[in-house]
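The values are calculated or read from the model by the stated rules, or taken from the named source; none is laboratory data. This one's a predicted model, so the numbers in the text were calculated from it and none came from an experiment. Here Cβ is always computed from backbone atoms with ideal geometry, including for glycine, and neighbour counts include all displayed protein chains. Surface areas here come from the heavy atoms of the whole protein model, side chains and all, with no ligands, DNA or RNA. Shrake-Rupley method; radii C 1.70, N 1.55, O 1.52, S 1.80 Å.
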Amino acid sequence: MYNQLQSTRRSFLLNAAQLSGALGLAEGIAPMFGAEPQNCAGPKTPIPVKWTPDNNPILPRLPASTLNAAEMAKLRSAYAALRNLAVTRPNDPRGWLQQGDKHCWNCGGGLDGQAGEEIHGSWLFLPWHRAFLYFHERILGALINDKNLRLAYWDWNNAAHRAVPPAWVTPNTSVNSLFDANRSAVAGSQVPNSLVGPAIMNPILAAPTFANFGGSSNAAGQLENGPHGAVHIWCGNTNLSSARVDMGLLDTAAQDPIFFAHHANIDRLWDVWLKAATTHKNPTDSAWLNHRFTFWDEKSRLVYITVADVINMSNNLRYTYGPQIIHFPFNLENPTFLRLTPDSNRNIILPDQVKSRITAANSVNQQRLTTLRVEGVTLPPNAKGIYRIVANKPSASAGEITEAPNDLNQTPAKSDSEEMQ
Ligand code: C2O
């Protein structure tokens, strides 16, 4: 019976990941796995009020695998406070399980089949999860009274960061607030190249339209159906054969703190895709832009936020993704100088004319030196950041993805990049 159930589940998960239009994740199907909620409706709701942005500093979310001891400790204390809130005030809508249930509610519901608006499998996927992470980030920050807390992202598409980020699995016990008992992935487990390597990621980041990349009004995009679902299933249940499946099921996925690091990367890849080519654009349909989502904010107010609100990520939601990749236009005879601010996040593709000069400089005259002067680099006093200045390889074309996992995300060849701290 148990085995039979497992093999049913196994094929269901595999099918879900493979069939187009499927979510890539299973909805709750078996009460004996994990702690699937019977009902995940939130508290009875007052009329939501319009969300407005705060004026917290705009700070980068950093790669989860590179957090220093202080950053790790801050994140852990916030998650500890969030878990504690669920115990001391179980009805607080900001609590840990309430947040997991919010995700459950918007993706098929609990075992009783009661559910809210479905936000997977369409163009709502990226903006809803961006908003979900934003309120999660604000709540975590509020609980430790720190406006500077930002989530971290698990950039599994970077070959050097394929392992589950150490902070989440070391130690891999409940003394660590980032641990989840219903997670199969352990310290050192690496997401296979076949799920998130360049062969998968490059075509997704080169997807010509938002519909291809992020979904349309009635279908999921490649990011959701591909690596998003695959990493969920892999984290929850590496071999699709154990009961530690939280991340692998839609109704329990957000009960694992790794959910938020995984989704921060999904959110970041949206930004990467937008910046990868001038033709990559968000939808302009008002049905999308005006779509409202409802969340509990850090002050326990029920608010609504629109897609138009969340697409303005740094101004409205007060975060960026670091380390930042900045492309400068420059002219070999008359260099233009750019003044950077901590929020600089530019991706400017070099004109072909300039690019051909660089190729020539590279291949014809090895002695010729092109100097790039960068002025006004400042970082906020408590923040860590890297400005990475990247000159494309001579073979790069204007539309080429600048964050190919086998290129910039790995240690670049010295001649291809300079880093300044
Ligand atoms: Cu709402 Cu990654 O799923």
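Within the stretch 76-115, work out how many residues are within 16 Å of the ligand (Cβ to nearest atom), of a type outside the set (A, V, I, L, M, F, W, C) and either surrounded by fewer than 17 Cβ atoms within 10 Å (Cβ to Cβ) or touching a residue at least 60 places away in the same chain (Cβ under 8 Å) (or both).
9
Residue by residue through the stretch 174-194, note down the ones that are of a type in the set (Ser, Thr, Tyr) and closer than 14 Å to Arg244 by Cα.
Of everything in the stretch 174-194, just one residue is of a type in the set (Ser, Thr, Tyr) and closer than 14 Å to Arg244 by Cα, namely Ser184.
Given the criterion under 30 Å from Gly188 (Cα atoms), in the same structural domain as Val164 (by TED's automatic domain parsing) and within 20 Å of the chain's Cα centre (by Cα), identify the matching residue among Asp271, Asp309.
Result: Asp271 is the single residue among Asp271, Asp309 that is under 30 Å from Gly188 (Cα atoms), in the same structural domain as Val164 (by TED's automatic domain parsing) and within 20 Å of the chain's Cα centre (by Cα).
Determine which member of the set Asp256, Asp246, Asp251, Asp271 is in contact with a helix residue (DSSP H, G or I) (Cβ under 9 Å, 6 or more places away or on another chain) and open to solvent by 10 Å² or more (accessible area, probe 1.4 Å).
The match here is Asp271.
Among Tyr304, Tyr321, which is under 30 Å from Asp101 (Cβ atoms), in contact with a Lys or Arg (Cβ under 6 Å, 6 or more places away or on another chain) and at pLDDT below 95?
Among Tyr304, Tyr321, only Tyr321 is under 30 Å from Asp101 (Cβ atoms), in contact with a Lys or Arg (Cβ under 6 Å, 6 or more places away or on another chain) and at pLDDT below 95.
Does the stretch 181-190 hold any residues that are touching a strand residue (DSSP E or B) at 6+ places or on another chain (Cβ under 8 Å) and surrounded by fewer than 17 Cβ atoms within 10 Å (Cβ to Cβ), and which are they?
Passing the criteria: Ala187, Gly188, Ser189, Gln190.
Taking the conditions exactly as written (under 18 Å from the mean Cα position of the chain (by Cα) and within 11 Å of the ligand (Cβ to nearest atom)), does Ala206 satisfy them or not?
When the stated conditions are applied, Ala206 does not pass them.
For Leu143, which of the numbered conditions (1) within 16 Å of the ligand (Cβ to nearest atom); (2) touching a helix residue (DSSP H, G or I) at 6+ places or on another chain (Cβ under 6 Å) fails to hold?
(1)
Look at the stretch 191-219 and say how many of its residues are over 25 Å from Leu289 (Cα atoms), buried (at least 17 other Cβ atoms within 10 Å of the Cβ) and of a type outside the set (A, V, I, L, M, F, W, C).
Within the stretch 191-219, residues that are over 25 Å from Leu289 (Cα atoms), buried (at least 17 other Cβ atoms within 10 Å of the Cβ) and of a type outside the set (A, V, I, L, M, F, W, C) number 3.
Only one residue in Leu124, Leu151, Leu178 is of a type in the set (A, V, I, L, M) and touching an Asp or Glu at 6+ places or on another chain (Cβ under 7 Å). Which one?
None of the other options fit; the residue is Leu151.
Among the residues of the stretch 220-242 satisfying the criterion of being within 16 Å of the ligand (Cβ to nearest atom) and open to solvent by 10 Å² or more (accessible area, probe 1.4 Å), which is nearest to Phe125 (Cα to Cα)?
Ala220
For the stretch 186-211, which positions are assigned to a loop (DSSP other than H, G, I, E, B) and in contact with a Gly (Cβ under 8 Å, 6 or more places away or on another chain)?
Ala206, Ala207
Go through (1) within 14 Å of the ligand (Cβ to nearest atom); (2) not in a helix (DSSP H, G or I) one by one and return the number of the condition Phe132 breaks.
(2)
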